[in-house]
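Student: Pasting in a structure now, in structure tokens, and then I'll have a few things to ask.
A short reminder: the numbers here are calculations on the coordinates, not readings from a lab. In this text, all values refer to a predicted model and were calculated from it rather than measured experimentally. All Cβ positions, glycine included, derive from the backbone under ideal geometry; neighbour counts span all protein chains shown.
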Amino acid sequence: MTDVVIRAPTAADAETLGALGRRTFIDTFVTGFGIPYPADDLAVFLDASFSPQATVRRLEEPGAAWWLAERDGVLLAFANAGPNTLPHPDARPGHSELRRLYVAGEAQGVGLGTRLLALSLDWMEANTDGPLWIGVWSGNLKAQKLYAAHGFEKAGEYQYPVGAWRDDEFILRRG
């Protein structure tokens, strides 16, 4: 995908970015992995995470970075990193966390996620005073394998809220 442009988003991207996040979450976790989220919990989570207003707030967060990948004006993927928020006893806000790495289904398998991960890791290394962190769903073996190939190891577990539902997540650390 040599014709893909990777750039920083603006507030004008919030609606499209949120829509891709919502669609990718559903495609991955509901359709792909078959997690039976109760409809009300899923709706609360999707609105809180991917509404245009929530997306603008996240884009404006101090100390966070975003990358969008698009081709011919169509958003294909995005990544977001920022101050650590994972609940691990060794984790500090001054450490960097990869918060999201979402690739649309039609853009998977061509290395786009790996490109965004590399950019994210470079940024995280330059903007941390400690190890790098990632939270990943315990059943997402493909993502865990990708992160392990980049030096991440399991450091703990926690419960990630999707509304009142709780996903079993692994905390990964590098460094």
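Student: Pull up the DSSP beta bridges for the chain and report the antiparallel fraction as a percent, rounded to 5.
Tutor: Within the chain, antiparallel bridges account for around 90 percent of the total.
Student: Can you give the local net charge around residue 7? Use residues other than it whose beta-carbon is closer than 11 angstrom to its beta-carbon, Lys and Arg +1, Asp and Glu -1.
Tutor: Summing Lys/Arg as +1 and Asp/Glu as -1 gives -2.
Student: Within the stretch 68-86, whose backbone N sits under 13 Å from a point 7 Å along Cα→Cβ of residue 119?
Tutor: Under cut-off, by backbone N: 68-71, 75-81.
Student: Follow-up question, since we're still on this one. Label the stretch 24-133 by shape, choosing from rounded, prolate and oblate, from the square roots a ≥ b ≥ c of the eigenvalues of the Cα gyration tensor; if a/c is under 1.5 it is rounded, and otherwise prolate applies when a/b is larger than b/c, oblate when it is not.
Tutor: oblate
Student: Just to check I understand the Karplus step: with θ = phi - 60° and J = 6.51 cos²θ - 1.76 cosθ + 1.60, what whole-Hz values come out for the stretch 60-65, glycine and proline as x?
Tutor: 8, 4, x, x, 9, 9
Student: For the stretch 5-174, what relative contact order do you get, as a whole percent, if you take Cα pairs closer than 8 Å and at least 6 residues apart?
Tutor: 21 percent
Student: Now for a separate question. Just add up the charged neighbours of residue 85: K/R +1, D/E -1, any other residue whose Cβ is under 13 Å from the Cβ of residue 85.
Tutor: +1
Student: Distance in nm between label sites at residue 19 and residue 85, each 7 Å beyond Cα in the beta-carbon direction?
Tutor: It works out to 2.4 nm between the two label points.
Student: List the chymotrypsin sites (Phe, Trp or Tyr not before Pro) within the stretch 1-107 that DSSP assigns to loop and that have no more than 15 neighbouring Cβ atoms inside 10 Å.
Tutor: In loop regions of the stretch 1-107 (DSSP not H, G, I, E or B), the sparsely surrounded chymotrypsin sites (Phe, Trp or Tyr not before Pro) are 33.
Student: Once you list every other residue whose beta carbon is under 12 Å from the beta carbon of residue 101, what net charge do they have if Lys and Arg are +1 and Asp and Glu are -1?
Tutor: Value of the local net charge: +3.
Student: Further, regarding this structure: Determine which residues of the stretch 74-90 fall in the zone a paramagnetic label at residue 127 would reach in this model, i.e. backbone nitrogen under 12 Å from the point 7 Å along Cα→Cβ.
Tutor: The answer is 79-84, whose backbone nitrogens lie closer than 12 Å to the label point.
Student: Let me spell out the model: positive unit charges on the Cβ of Lys and Arg, negative unit charges on the Cβ of Asp and Glu, origin at the Cα centre of the chain. What dipole size does that give, in debye rounded to 20?
Tutor: Computed about the Cα centre, the dipole is about 260 debye.
Student: Rounded to the nearest 500, what is the chain's calculated 222 nm mean residue ellipticity when only DSSP H runs of at least 4 contribute -39500 (n - 2.57) each, over all residues?
Tutor: Mean residue ellipticity, 222 nm, calculated: -9500 deg cm²/dmol.
Student: Shape of the stretch 86-146 from its Cα gyration tensor (a ≥ b ≥ c, root eigenvalues): rounded if a/c is under 1.5, otherwise prolate when a/b > b/c, or oblate?
Tutor: Judged from the Cα gyration tensor, the stretch 86-146 comes out oblate (a/c at least 1.5, b/c at or above a/b).
Student: Give, as ranges by residue number, the residues of the stretch 83-124 whose backbone N falls under 20 Å from the point 7 Å along Cα→Cβ of residue 74.
Tutor: Under cut-off, by backbone N: 102-116.
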